[in-house]
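Let me begin by presenting the structure, written as C-alpha cells, before commenting on it.
Every number in this text was worked out from the coordinates using simple rules, so none of it is lab data. Bear in mind that the values here come from a model prediction, so they are computed numbers and not experimental data. As a convention, Cβ positions derive from the backbone with ideal geometry for all residues, glycine included, and neighbour counts pool all protein chains shown.
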C-alpha cells in the first residue's frame with residue numbers, strides 16, 4: 001500500500017514522504033495510530049495543501065522571531081554584585097536574574113530558553129544565548145560589575161544621619177514639652193498663691 005507519512009518514523013521515513021509499505025504494516029500500525037494516510041489522490045492533495053499552510057505559517061513565525069532576536073541581541077544587561085578582590089562573586093548570576101533583567105528592558109523571556117550552562121560566578125562580560133526557536137537564537141551580553149564598598153558606606157552613613165536627625169528631633173520635642181509643663185506648673189502655683197493672699 002502507498003501511504004503518506006504524517007510524522008518522522010525511525011527506520012521508515014520522514015514527514016511528508018510518500019512510500020510503499022506492506023498492507024499489514026499500514027493497516028495494523030500506521031493508519032490506526034494516525035501516523036500515515038493512504039496515498040490516494042484526495043489525501044495527497046489535502047496533505048500537500050496542509051503542508052503548504054504549515055510551512056507558510058512557520059516561515060512567518062520565523063521571520064518575526066528573527067526580528068525579535070535582533071532586538072534582544074542589541075540589549076546589554078549590567079548586573080551589580082558583591083565580589084572579592086579576586087573577582088569572584090559572593091553568590092552568582094542565574095537565569096532568573098537574566099530573565100528579570102530582560103523584563104525590565106521590556107522583553108518577556110521564559111528562563112528555560114536562556115541557555116546559561118552554569119551560573120556566572122565571576123566579574124566580567126559573558127555572552128548568553130537565548131534560544132527562541134530551534135533555528136533562531138539571540139545573544140545577550142551580560143556585564144557583571146562589582147558593587148563598590150563606597151556605595152554601601154554612603155548608604156549606611158545616610159541611614160545613620162537620618163537616625164541621628166530623628167533622635168535629635170525627638171529630644172527637642174521632649175525638651176519643649178517639659179518646658180511647657182514647667183511653665184504651666186509655675187502659673188498654677190502663682191494663681192493659687194494669689195487666691196490665698198486675697
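Only bridges whose two residues both fall in region 71-149 count here: according to DSSP, what percent of them are antiparallel, nearest 5?
70 percent
State, to one decimal in nm, how far the label point of residue 20 lies from the label point of residue 92, with both points 7 Å from Cα in the Cβ direction.
About 5.8 nm, to one decimal.
If you split all Cα-Cα distances of region 71-149 into 10 Å bins from zero, what percentages do you get per bin, shortest first?
Distribution as computed: 19, 52, 23, 5, 0 percent.
Using the number of other C-beta atoms within 10 angstrom as an exposure proxy, rank 42, 134 with the fewest first.
Lowest count first: 134, 42.
Could you check the simple spin-label distance between residue 125 and residue 80, using points 7 Å along Cα→Cβ, in nm with one decimal?
2.0 nm
Would you mind computing Rg(Cα) / (2.2 N^0.38 Å) for region 1-98, counting N as its residues?
1.97
Per 0.36 nm of contour for each residue apart, how much would the distance between residue 42 and residue 63 grow if the chain were fully extended, relative to their Cα-Cα spacing?
Using 0.36 nm per residue and subtracting the Cα-Cα distance, I get 4.4 nm.
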